[in-house]
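The next block holds one structure in the form of structure tokens; read it before the comments.
What follows is calculated from the coordinates using simple rules that are stated; it is not laboratory data. On a predicted model such as this, the values are computed, not experimentally measured, just so you know. Neighbour counts run over all protein chains shown; Cβ positions are idealised from the backbone, glycine included.
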Amino acid sequence: MTSLQTRQLGISIGNKKVCEDLSLNLQPGEVWGVLGRNGIGKTTLLHTLSGLRPADSGHVLLDQHDISELPRKQIAQKLGLLLQHSEDAFPTSVLESVVCGRHPHIAHWQWESKEDYQKATDALQQVQMSELSHRATNQLSGGERQRVAVATLLTQSPDIFLLDEPNSHLDLHYQISILQYLCDFARQQQRIILMSLHDINLAARFCDKLLFISGDGKTKAGDADKLLNTKDLSELFQHPISAVSDADRQVFTPA
Amino acid sequence: MLSLLRQPLPLISLLFLLSIFSFAFAISMGSINFSAQQIIHALSTNQSSITHTIIWELRAPRAYIAFVTGGLLSLAGVLMQVLLRNPLADPYILGVSGGASVAALMAMSAGLAGSWVSGSAFVGAFFSILLVFGLAHGQGSWNPTRLLLTGVVIAAGWGAVINFILSISPEKPLRGMLFWLMGDISNVSPSISSLLILFLGLIITFMLARQLNILSRGELQASSLGVSVKPLRMGLFLLASALTAFAVTQAGSVGFIGLIIPHMIRLISGSDHRLLIPASVLLGGSLLVISDTLARVIISPQQLPVGVITAFLGVPFFLFLLNRSMAATRHD
């Protein structure tokens with residue numbers, strides 16, 4: 001099974017430190033959440049973990065290999081990234097766009113096979129976009145675009161899912177149903193998810209482990225139920241946060 | 001009918017037929033019009049009749065040059081648009097033709113002609129490519145915006161030099177210069193090298209087509225799907241520039257083809273580069289052959305620069321397609 005680790009990872013944007021000496025060990029079947037304030041470097045961390053950006057110090061290890069030394073195609077077979085923004089210079093159909101997820105698994109000269117299209121169709125069904133599969137991508141709403149991006153990632157079917165704000169643009173129903181599907185899938189199939197989130201309650205609901213990024217290179221990683229307390233959260237967001245108990249779980253609200 | 005053309009086979013077959021038609025049109029039209037019979041007779045027999053001479057020494061070579069030029073420009077247009085992820089990009093946007101034009105005009109004002117002019121154009125084009133490449137590469141950051149801005153500014157600089165040369169040049173070479181700038185195939189001798197580079201470009205880009213599809217969705221998305229973006233973009237820049245340099249060297253700056261042909265194919269059959277690339281080459285080649293034929297017959301014996309005709313034909317055709325596709329999306 002694929003693993004993702006960091007060794008003494010240091011990342012900075014200009015002279016602002018995102019993390020310092022960060023050593024993480026992401027195990028198959030785990031769902032990780034990354035929490036932190038705006039502009040603290042969550043996206044930069046995700047890009048570094050996927051090898052799109054070099055680390056300033058330390059290493060990111062994909063299956064014990066330094067990710068900076070692996071070819072892009074080999075990385076993409078194991079690790080997928082959901083981007084915060086999607087762009088389409090020249091629109092295509094939704095299905096054509098989703099089947100691009102198969103790219104790392106197909107040889108250069110080959111065309112997508114029937115099975116590849118089947119995988120794309122299945123993924124579109126998972127995000128409830130089947131009816132729009134022939135629509136042009138530039139005619140979609142923000143939420144529909146986000147679901148197409150999730151379907152592309154499912155079609156890529158990596159062992160490690162890095163999700164940059166997976167719930168952005170999604171309505172309440174899809175926030176829950178898509179995250180639920182992804183997290184169940186990861187746990188059953190022994191995949192890894194690491195996602196940046198802004199909603200503490202979604203993090204509480206879906207994540208086993210959390211990583212807090214609090215600025216100046218300070219980070220805190222650990223079990224979700226240990227880190228999710230009003231003191232740590234208020235410190236992280238620099239805003240007073242209180243907890244309301246509801247049946248068997250806590251709901252966090254800003255004061 | 002048009003929906004059938006979204007399929008690869010019907011579209012490519014139709015464009016092949018169009019290419020053959022364009023050659024037949026080019027061979028039969030001119031100061032003397034030939035019938036199909038005369039042409040077949042002249043092609044099958046090996047005698048040195050006047051028909052044979054006109055077809056083999058004048059019209060066929062010219063049609064060949066027009067086709068290759070149109071193909072080169074269309075392919076370069078597709079590549080520039082995906083490289084810069086900008087629908088307004090054309091082969092000349094990064095200053096390749098500007099560099100070529102300055103060198104060609106300098107050669108003309110020095111009283112040189114023929115292969116001296118095209119040779120200088122080639123040198124000028126490559127000088128400009130290296131200049132843009134070096135400047136855009138500068139600090140190691142190489143993004144489409146920086147490349148685009150560098151190229152556009154260099155092109156503007158060449159434009160100023162062109163105007164300077166035109167304004168100080170004497171009356172006599174001026175007409176030749178203007179024709180060269182507008183794109184002109186009347187005084188070109190055919191060479192095999194541009195056909196070879198067109199073939200080479202077609203094969204390379206066809207192999208890269210799926211990566212191009214993904215690259216047009218952004219650099220981050222492309223790298224996260226396993227495309228090595230940096231070498232791909234560098235290769236695209238050099239290849240598109242080389243294709244443009246060959247086209248400009250043999251025919252001057254024929255406008256419009258490189259910008260519009262890729263969009264026409266996208267409107268007809270979508271943005272998949274595996275279809276877009278060969279279809280654009282065939283359509284661009286055919287359209288330039290037809291335009292060049294019209295350029296020599298419309299007000300004969302006087303000849304028009306072919307760039308004028310391409311725009312006259314292309315603008316209404318393009319607007320028709322654009323309108324049609326917009327109507328189609330409204331009915332969706």
Report summary line: Computed about the Cα centre, the charge dipole of chain A from +1 Lys/Arg and -1 Asp/Glu charges at the Cβ has a magnitude in debye, to the nearest 20, of 280 debye
Report task. Enter the angle in degrees (range 0 to 90, nearest 10) between the Cα long axis of helix A:114-126 and the first principal axis of the Cα atoms of chain A, meaning the one along which they spread out most. Result -> 40 degrees
Query raised in the report: What is the packing order of peptides B:283-289, B:21-27, A:129-135, A:159-165, taking the mean over residues of other C-beta atoms within 10 Å and listing the highest first?
Result: B:283-289, A:159-165, B:21-27, A:129-135
**Report entry** Relative contact order [Cα under 8 Å, 6+ residues apart], the stretch B:4-331, whole percent
**Finding:** 31 percent
Report task. Quickly rank A:188-197, B:236-245, A:105-114, A:23-32 as a protection proxy: mean count of other C-beta atoms within 10 Å, highest first. Result -> B:236-245, A:188-197, A:23-32, A:105-114
Requested in this report: Using the number of other C-beta atoms within 10 angstrom as an exposure proxy, rank A:Phe252, B:Phe199 with the fewest first.
Outcome: B:Phe199, A:Phe252
**Report entry** Positive-end residue of B:Asn86, B:Ser186, B:Ala245, charge dipole of chain B with Cβ unit charges
**Finding:** B:Asn86
Query raised in the report: About its Cα centre, how strong a charge dipole does the stretch B:152-297 have in debye, to the nearest 20, once Lys and Arg get +1 and Asp and Glu get -1 at the Cβ?
Result: 240 debye
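Working out 0.36 nm times the residue gap between B:Ile12 and B:Phe127, then minus their Cα-Cα distance, what length gain in nm do you get to one decimal?
37.8 nm
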Query raised in the report: Once the Cα atoms of the stretch A:4-254 are picked out, what are the Rg and Dmax in Å?
Result: 18.4, 57
Query raised in the report: For the protein assembly as shown, treating each Cα as an identical point scatterer without solvent, what Debye log10 I(q)/I(0) comes out at q = 0.05, 0.08, 0.12 1/Å?
Result: -0.29, -0.66, -1.14
Query raised in the report: Given the rule -39500 (n - 2.57) for each run of at least 4 DSSP H residues, summed and divided by the residues of chain B, what is its mean residue ellipticity at 222 nm, to the nearest 500 deg cm²/dmol?
Result: -25000 deg cm²/dmol
Report summary line: Cα extents of the stretch B:17-161 per principal axis, largest first, Å, are 63, 39, 21
**Report entry** Degrees between helix A:172-188 axis and first principal axis of chain A (Cα, 0 to 90, nearest 10)
**Finding:** 90 degrees
Query raised in the report: Rounded to the nearest 500 deg cm²/dmol, what is the calculated helix-only ellipticity per residue at 222 nm for chain A, with -39500 (n - 2.57) per DSSP H run of length n ≥ 4?
Result: -9500 deg cm²/dmol
Report summary line: Expected sort for B:166-174, A:146-154 on mean C-beta neighbours within 10 Å, highest first, is A:146-154, B:166-174
**Report entry** For the stretch B:100-114, 3J(HN,Hα) per residue [Karplus equation, 6.51 cos²θ - 1.76 cosθ + 1.60, θ = phi - 60°, Hz, x = Gly/Pro]
**Finding:** 5, 5, 4, 5, 5, 5, 5, 4, 5, 6, 7, x, 7, 8, x
Query raised in the report: Averaged over A:73-86, how many beta carbons belonging to a partner chain fall within 10 Å of each residue's beta carbon?
Result: 3
Query raised in the report: Of A:Met129, A:His108, A:Leu202, which is farthest along the charge dipole of the stretch A:4-254 in the positive direction, counting Lys and Arg as +1 and Asp and Glu as -1 at C-beta?
Result: A:His108
Query raised in the report: What are the principal axis extents of the Cα atoms in the stretch B:170-250, in Å, biggest first?
Result: 58, 27, 16
Requested in this report: Go through the stretch B:51-68 residue by residue and turn each phi into a ³J(HN,Hα) via Karplus (6.51, -1.76, 1.60, θ = phi - 60°); whole Hz please, and just put x for glycine and proline.
Outcome: 4, 4, 4, 4, 5, 7, 9, 10, 6, 4, x, 5, 5, 4, 4, 4, 5, 5
Query raised in the report: How many percent of Cα pairs in chain B exceed 28 Å?
Result: 43 percent
Query raised in the report: Cα-Cα over 22 Å: which of A:Lys73/A:Lys119; A:Lys42/A:Lys220; A:Lys209/A:Lys231; A:Lys16/A:Lys209; A:Lys16/A:Lys78; A:Lys17/A:Lys226?
Result: A:Lys16/A:Lys209; A:Lys16/A:Lys78; A:Lys17/A:Lys226
**Report entry** Centroid-to-centroid separation of the stretch B:219-259 and the stretch A:197-227 [C-alpha atoms, Å]
**Finding:** 44 Å
Report task. Would you mind ranking A:Val60, B:Val297 so that the residue whose beta carbon has the fewest other beta carbons within 10 Å leads the list? Result -> B:Val297, A:Val60
Query raised in the report: Counting other C-beta atoms within 10 Å, which of B:Trp158, B:Trp56 has the fewest, and how do the rest follow?
Result: B:Trp56, B:Trp158
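Quote the FRET efficiency, to the nearest 0.05, computed for B:Ser115 versus B:Ile298 with a Förster distance R0 of 30 Å and r equal to the Cβ-Cβ distance.
Here the calculated transfer efficiency is 0.60.
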Requested in this report: Estimate the FRET efficiency between B:Phe25 and A:Glu69 by the formula 1/(1 + (r/R0)^6), using the beta-carbon distance for r and 60 Å for R0, to the nearest 0.05.
Outcome: 0.55
Query raised in the report: Which value in nm describes the separation of the simple spin-label points at B:Leu319 and B:Ile32, placed 7 Å from the Cα toward the beta carbon?
Result: 4.0 nm
Requested in this report: Report ³J(HN,Hα) in whole Hz for each residue of the stretch A:129-142, in order, from the Karplus equation J = 6.51 cos²θ - 1.76 cosθ + 1.60 where θ = phi - 60°; Gly and Pro get x.
Outcome: 10, 3, 5, 9, 5, 9, 5, 6, 5, 7, 9, 9, 7, x
Query raised in the report: So how strong a dipole does the protein assembly as shown carry about its Cα centre when Lys and Arg Cβ are +1 and Asp and Glu Cβ are -1, to the nearest 20 debye?
Result: 980 debye
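Shielding of B:77-87 by partners, i.e. mean partner chain Cβ atoms within 10 Å per residue?
1
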